[in-house]
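Okay, so here's the structure we're looking at.
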Amino acid sequence: MSQRELAIHIFRYNPEDPNDEPKTETFTLQEEEGMTLFIALNKIREEQDPTLKFDFVCRAGICGSCGMLINGKPTLACKTLTKTLPDDITLMPLPVFKLLGDLSVDTGTWFRDISLRTESWIHTDKPFDPEAEEERMSNETALQIYEAERCIECGCCIGGCATANIKPDFIGAAGVNRVARFMVDPRDERDEQAYFDVVGSEDGIFGCIGLMACDDNCPIDIPLQGQLAYVRRKMAAAGWKR
Amino acid sequence: MELQRTYISGKKTDFLVELVQTISGLLLVAFLWTHMIFVASILLGVNAFNALAGFMEHYHLLDAAVIFIILAVGAHVGAVLRRVPGRWQEQKMIWQHARTIKHNDTWSWLFQAVTGSAMLILIIIHVFIVVYAGIDSTLSAERVHSWMLWFYIVFLFLAEYHASVGLYRALVKWGYVKRHSLKRILTIVTICTIGLGLISLWVFYSLGGSA
Ligand code: SF4
Ligand code: SF4
Ligand code: FES
């Protein structure tokens, strides 16, 4: 494999420093066999600039902390091999989320807020009996829940969404997907009107304008178009009866 | 929750406006395609076109069409306005966002907003002309055989583009289709309808030249 020299253009900005201005800094780096952006960024930090800020935890596409704009596309840096990219690579932090510095953003606060606003927990009046055997559900339902539950909260669907970029209260595809998960769960006793209160508005499903950037960018391929459409149809039925 | 939010929570207005947008949009697409097929009756000859026009005038279908178009366009514009970024800051953010993420469907949405705004003006002009002059092949031919030709060509492209992208988005949002095959089908349909429109215009143009 011929080793290329990569020019990595990185967005630099420290919002904490009143004298700092957003800018792009270029680092050059020798490409290595099997190099991911996780490896590349760590090399830059070790060898060229120890102040560079970025997030990684699992480096295996599981924790969702390394979402960023890679040549514009919102995706996971740890899953991206440099050999899939051109010689020039531009890295920017995900929009929408609070910028902590350089490539690092705070997705946690945003997702916590969404969980609270969409009331992402099982609503039930049944008293909990720790001794009882768990209720059974069909395998199909379990798989459907699992499909939505796979979301790693990386925020790529939110950063790529034009609506989320200009409407701070929009819950985005990850939020709608979260609600879809509870809608199919037989243990949740909420009726459709209760869900309508949570997502039947411009901040919820009816704010989505169908750009499908979320569907195109989810790094673990959650079928977001289908999830959005499922919730939209349910909420349309609920809205109709209201 | 803040006080001003309590005014809007739990209401079904957002849903209803969305419904108005979707239904008026679908009706307008159906109208546009029917309209283009009717216009293409000129391909069968001047008599066919005039007979159809006469039929429409006789049964007041033309009046009905004009009333329909005013209502449907009004409803559609009213409903979609909430989606067009109104503030200058939002405009700046959204264009920069589209440039940054280089995502086709995001660009097509911006073009949809632009073509939609342009079409509002073109539709008003078009409806005025038809209402004042009526429909007649000689009149149409004369009009097409002038600088107005460009008006019709631009209008044709904008309308077909806007309709096709809008239909794609509506179907994708409600989820009755596979995205990528839908895109392919709609591209073919759009090319056909634009082709049909261009051929009709060409027939009118040569009719106008020979008269
Ligand atoms: S379809 Fe578009 S508007 Fe809707 S959530 Fe996805 S990216 Fe956002
Ligand atoms: S839905 Fe996909 S893109 Fe969105 S946060 Fe979850 S994993 Fe990331
Ligand atoms: S580091 Fe965990 S997903 Fe990339």
Taking N as its residue count, the alpha carbon Rg of region B:59-136 over 2.2 N^0.38 Å: 1.46
Longest exposed-site-free window of chain B, the sites being chymotrypsin sites (Phe, Trp or Tyr not before Pro) in a DSSP loop that have at most 11 other C-beta atoms within 10 Å: B:60-146
Gain in span if fully extended, A:Arg45 to A:Ile62, counting 0.36 nm per residue against the direct Cα distance: 3.9 nm
For region B:151-157, 3J(HN,Hα) per residue [Karplus equation, 6.51 cos²θ - 1.76 cosθ + 1.60, θ = phi - 60°, Hz, x = Gly/Pro]: 4, 5, 5, 4, 4, 4, 5
Ratio Rg/Rh [Cα only; Rh per Kirkwood] for region A:118-241: 0.99
Cα-centre dipole for the protein assembly as shown with unit charges at Cβ (Lys and Arg positive, Asp and Glu negative), debye to 20: 1220
Carbon/sulfur fraction of accessible area - chain B, other protein chains in place, 1.4 Å, %: 74
For region B:85-98, 3J(HN,Hα) per residue [Karplus equation, 6.51 cos²θ - 1.76 cosθ + 1.60, θ = phi - 60°, Hz, x = Gly/Pro]: x, x, 7, 4, 4, 5, 4, 4, 5, 6, 5, 5, 4, 4
Sulfur and carbon atoms: percent of accessible area, region A:118-241 [1.4 Å]: 51
Structure-based [θ]222 nm, chain B - -39500 (n - 2.57) summed over DSSP H runs of at least 4, per residue, nearest 500: -28500 deg cm²/dmol
Long-range amide H partners of A:Val105 with built H, under 5 Å: A:Leu100
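As an exercise, take the mean of 1/r over every pair of distinct alpha carbons in chain A, invert it, and state the Kirkwood radius in angstroms.
Details: mean 1/r = 0.0508 Å⁻¹.
Here the Kirkwood hydrodynamic radius works out to 19.7 Å.
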Heavy-atom accessible area ranking, 1.4 Å probe, most first, across A:Glu192, A:Glu131, A:Glu33: A:Glu131, A:Glu33, A:Glu192
Projected area averaged over orientations for region B:125-209, convex hull of C-alpha atoms, nm²: 6.3
Ellipticity estimate at 222 nm from DSSP helix runs (n ≥ 4, -39,500 (n - 2.57)) divided over chain A, nearest 500: -10500 deg cm²/dmol
log10 of Debye I(q)/I(0), alpha-carbon scatterers only, for region A:5-105 at 0.11, 0.13 Å⁻¹: -0.29, -0.41
Alpha-carbon spread of region B:15-210, three principal axes, descending order, Å: 52, 35, 31
Cα→Cβ-extended label distance, 7 Å offset, between B:Val130 and A:Arg4, nm: 5.3
Proximal lysines relative to B:Lys183, as straight alpha-carbon distance under 22 Å, when same-chain residues fewer than 8 apart are discounted: A:Lys73, B:Lys102, B:Lys173
Between 0 and 90°, nearest 10: helix B:46-58 axis offset from chain B longest Cα axis: 60
Other-chain or far-sequence residues with amide H under 5 Å of A:Ile10's (modelled H): A:Glu25, A:Thr26, A:Phe27, A:Leu91
Charged-residue dipole, Cβ positions (Lys, Arg, Asp, Glu), region B:15-210 about Cα centre, Debye nearest 20: 1080
Square roots of five times the Cα gyration tensor eigenvalues for the protein assembly as shown, Å: 48, 31, 19
Region B:1-77-region A:80-134 distance, computed between alpha-carbon centres (Å): 42
Alpha-carbon Rg with Dmax, taken over region B:34-85, Å: 15.3, 48
Separation of the A:Thr24 and B:Trp88 label points, Cα + 7 Å toward Cβ, nm: 2.6
Size of electric dipole in region A:5-105: Cβ of Lys, Arg +1 and of Asp, Glu -1, about Cα centre, debye, nearest 20: 500
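Where both partners of a DSSP beta bridge lie in the protein assembly as shown, what percent of those bridges are antiparallel, to the nearest 5? Mind dumping the intermediate values first?
Values: 18 of 22 bridges.
The answer is about 80 percent antiparallel.
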Euclidean distance of C-alpha centroids, region B:127-161 and region A:209-241, integer Å: 40
Separation of the B:Ser117 and A:Asn14 label points, Cα + 7 Å toward Cβ, nm: 4.1
Helix axis angle, B:179-210 relative to chain B longest principal axis, alpha carbon, degrees: 30
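The values are calculated or read from the model by the stated rules, or taken from the named source; none is laboratory data. Everything quoted here is computed from the prediction, not taken from an experiment. Please note: Cβ atoms are built from the backbone with ideal geometry, for glycine as well, and neighbour counts cover all protein chains shown. Ligands, DNA and RNA are excluded from the accessible area calculation, which covers all protein heavy atoms including side chains. Shrake-Rupley method; radii C 1.70, N 1.55, O 1.52, S 1.80 Å.
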